[in-house]
Every structure is written in structure tokens, then in C-alpha cells.
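This report concerns only the one structure given below.
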Amino acid sequence: MIRRGILWLSLCLAVTCTYAQSKQYKVVNIGFYNLENFYDTTHQQGVNDYEFLPQGQKRYTGEVYLDKVKNLASVIKDIGTNISPEGLTILGVAEIETRGVLEDLTQHPLLKDRGYEIVHYNSPDARGVDVGLLYNPRHFKVEHSAPLPVELPADAAGNRHKTRDVLWVKGNLDGQTLHVLVNHWPSRLGGEAASAPLRAIAASVCRTLIDSLLQQEPDANIVVMGDLNDNPTNESLTRVLKAGGDQQKLKAGELFNPWVSFYNKGIGTLAYQDAWALFDQIVISQNLLSKKEGQFRFYKANIFKRDDMIQTSGRYKGYPKRTYDFDNYAGGFSDHFPTFISLIKAIE
């Protein structure tokens, strides 16, 4: 039985599982979605957005833009509704050009009733793409937010590559303090191995804040999410961020990464040359695994994909249905599938 915002689960309460009793839970869904080149149609000074202008090579017209807004809104509306009818309480996003595109998205008729509010800061990324956060203020109250710069070293020619900031948002989730870090780590341009140190730097920005938060409050509730451009088993996750997939083997201060098991089964969120990768991850601190009375705890992780979000023909058959096939508008959604986790709290 599912009611608005409430999940009923049948739990075995006896050790021998000789009987079961229904318990009532409050559910919160937290998601991440790379919105794939979600630009507006006007030039932003100092940004290389010429490709995504009406006169650009992709012919990114107002009609294309509005269609993309509608498509993205239709996906966000449905994420998590199989767990709770309220859908997502918190959604981190990547590859957005301005706050304005998020305003258009949240005001679309498919999403307007949710009342999502926005946290966004402009990043120094050369392509002008940022990260952001959408949240339902009925359940999550923002108390503090800040961009955390990711300073990358200069290359051999002395050029310093600029990348996305990490977005830190602290808020109150129905009476429980929650820290959310939204990321879009440096890409694999130039090769996975050559670019790995850049992602390690981004991971270290997160880890530095996490260490500080845990030092002040060992039971801090922390969620790290984003397009990390690395898989769950890469060193940026395992060594720098200190995230592991086995709850029983986590050491003090380490994070739980539920996506390790997905990746080990060959399940991913994006594909390249017929190989699946799982870059879109949501990682949590250990306190969100505990079954403390009156607090949210991790229930499950999901990759969201509807049939219409999957390419059915051509070179990308089986992949996420993207917005463009090279310079031809494909009418899709994103080249990434969104991910989300569900947290539950028993209602006594």
C-alpha cells in the first residue's frame, strides 16, 4: 500500500522470520541527472557556447530548447515515483549553462506543482556549464550553500584549465541535517590515465570538506553526487574519496558507494563504443546506513530509465537517447541515465 510520501514495507521482525508485520515509513528520494548540454539560446559573454546558438552548427533554436525543457521535465517528474508518489525531494544536476534554464525547467507545467527551488552558482568552466541543485522546500530547507573551487594545475604551455566548482548545500531534511555535495569532475579528454590526476583533485576537494564535517560531527549525514567521469572502482573514488561498496568492510570516516555492485554486474549510466560506464553516482556517509530511531537511512539505489529514454536504432542503439546525433537534433533527453537513492524513516 502506498500513500502520498509514505511507503509501506513488510519487514520480518522475528529473527526466524516466522511472522511479518507492516511498518510505515516516510520516504525521501535523492537524485542526480546530467542534463547534457542544457544551454539557453543566447550567447553568454566569455563562454564558448557558440555551438548551441540558433545560428550555430547544431542550429539550437528556441523550438529545440523548449522541446528539451519538456523532455527533461517529463523525466524528472517520473524519477522515484515508483517508490514515493512525491518523486524527488532533492535533485543534483550537471551541464547547465545558467540559472535561467533551471527556472524554465522548474516552471514547466509538468513540474510546476512540485514547487522546486534552486541553488546555483556560476562556475569558471570554459564551456559555461555548471552544477546545480533542485529541492522541494516542503521537505528540505536550505541553511547554507557555497561553491567550492577545484583548482587544477597549469599544463606544459602554462595554460590553466578551468573546471566546475563543487556545490555544497547544507539543509534540514524533515528535522535532520543533511550535507549535499554536487559534482561534475574533469572529463577524460586526453585519455583516462592522463586525466586521472585532475579528477583526484576534484575528489580531494570533497574529501577535505567531508573530513572537516566528520571531525565536527562524527555522525554527519553527507551525500556526494555527480557525474564523476570515473567508475566506482577508480582510485578517485576508492583512494581519494574513500568510498567502498561493502558496508561491512568500511572503516571509520569512509563512505558507502552503492554503485559498486551495479558496475561489477556491467550496469551503467552511459555508454561509449559499446562499453557501459557508471559515472553518475550518489555516495553516502555511514550514518545514513544506521538504523537509529527517528532518522533517515539508506533503503536502495536505482538507475532510472523509461523505454522512450533508450535509443532504439542506429549507432547508439541501446544507449541513452541523447539530444543530438552529432549535429542532428535527435529529440532525446540526455546521454546519461539519471540515478537516485531512497532514504526511509520509520513512522512510530
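The values are calculated or read from the model by the stated rules, or taken from the named source; none is laboratory data. None of the values given here were measured: they were computed from a predicted structure. Here the Cβ is made from the backbone with ideal geometry for all residues, glycine too, and neighbour counts use every protein chain on show. Ligands, DNA and RNA are stripped out before the accessible areas are found, and what is left, the full protein with its side chains, is counted by its heavy atoms. Shrake-Rupley method; radii C 1.70, N 1.55, O 1.52, S 1.80 Å.
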*Criterion violated by G294 - all others in (1) touching a helix residue (DSSP H, G or I) at 6+ places or on another chain (Cβ under 6 Å); (2) modelled with pLDDT under 95 satisfied*: (1)
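Can you tell me which residue within the stretch 151-179, out of those that are over 30 Å from H139 (Cβ atoms) and among the hydrophobic types (A, V, I, L, M, F, W, C), is most open to solvent (accessible area, probe 1.4 Å)? I'd like the intermediate steps shown before the answer.
Looking only at the stretch 151-179, we keep the residues that are over 30 Å from H139 (Cβ atoms), and these are 151-163.
Among the residues that remain, those that are also among the hydrophobic types (A, V, I, L, M, F, W, C) are: 152, 154, 156-157.
On the way: L152: 3, A154: 49, A156: 116, A157: 80 Å².
Here the answer is A156.
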*Report, ordered by the first and then the second residue, all pairs with beta carbons closer than 9 Å, sequence separation of six or more or different chains, a first member in the stretch 193-210 that is on the phi > 0 side of the Ramachandran plot and in contact (Cβ under 8 Å) with a residue 40 or more places away in the chain, and a second member that is of a type outside the set (D, E) and surrounded by 16 or more Cβ atoms within 10 Å (Cβ to Cβ).*
none
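Considering each of G92, G158, G128, G132 in turn, give the residue that is small (G, A, S) and touching an Asp or Glu at 6+ places or on another chain (Cβ under 6 Å).
Residue meeting the stated conditions: G128.
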_All but one of (1) under 23 Å from G331 (Cα atoms); (2) over 15 Å from the mean Cα position of the chain (by Cα); (3) not hydrophobic (A, V, I, L, M, F, W, C) hold for E95; state the number of the condition that does not hold._
(2)
_Here's a check for you: in the stretch 180-202, which residue that is aliphatic (A, V, I, L, M) and not in a strand (DSSP E or B) is most open to solvent (accessible area, probe 1.4 Å)?_
L189
*Filter the stretch 151-170 down to residues that are more than 26 Å from the chain's Cα centre (by Cα) and in a strand (DSSP E or B), then give me how many there are.*
2
*Please determine, by comparing only the residues of the stretch 55-111 that are polar (S, T, N, Q), touching a strand residue (DSSP E or B) at 6+ places or on another chain (Cβ under 7 Å) and farther than 24 Å from D307 by Cβ, which one is surrounded by the fewest Cβ atoms within 10 Å (Cβ to Cβ).*
T106
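Give Q24, Q45 a once-over and let me know the one that is closer than 21 Å to I344 by Cβ, open to solvent by 10 Å² or more (accessible area, probe 1.4 Å) and modelled with pLDDT under 95.
Of the residues listed, the single one that is closer than 21 Å to I344 by Cβ, open to solvent by 10 Å² or more (accessible area, probe 1.4 Å) and modelled with pLDDT under 95 is Q24.
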*Out of all the residues in the stretch 203-210, is one or more open to solvent by less than 10 Å² (accessible area, probe 1.4 Å), among the charged types (D, E, K, R) and modelled with pLDDT of 95 or more?*
no
*Got a number for residues in the stretch 77-92 being β-branched (V, I, T) and either part of a loop (DSSP other than H, G, I, E, B) or touching a Leu at 6+ places or on another chain (Cβ under 6 Å) (or both)?*
3
*If we keep just the residues of the stretch 113-140 that are of a type in the set (F, W, Y) and either in contact with a helix residue (DSSP H, G or I) (Cβ under 7 Å, 6 or more places away or on another chain) or over 20 Å from K77 (Cβ atoms) (or both), which is most open to solvent (accessible area, probe 1.4 Å)?*
Y121
*Tell me, please, whether a residue that is aliphatic (A, V, I, L, M) and open to solvent by 30 Å² or more (accessible area, probe 1.4 Å) can be found in the stretch 212-227.*
yes
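Quick one: would you say K345 is in a strand (DSSP E or B), farther than 28 Å from A193 by Cβ, open to solvent by 60 Å² or more (accessible area, probe 1.4 Å) and basic (K, R)?
no
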*State all residues of the stretch 237-290 that are open to solvent by 10 Å² or more (accessible area, probe 1.4 Å), part of a loop (DSSP other than H, G, I, E, B), among the small types (G, A, S) and touching a Leu at 6+ places or on another chain (Cβ under 8 Å); if no residue qualifies, say none.*
G253
*asked:* What's the number of the only condition in (1) closer than 25 Å to I341 by Cβ; (2) in a helix (DSSP H, G or I) that I118 fails to meet?
replied: (2)
*Among the residues of the stretch 317-331, which ones are crowded, with 17+ Cβ neighbours inside 10 Å and either within 19 Å of the chain's Cα centre (by Cα) or free of Cβ contacts under 8 Å to residues at least 12 places away in the same chain (or both)?*
Y319, P320, K321, R322, T323
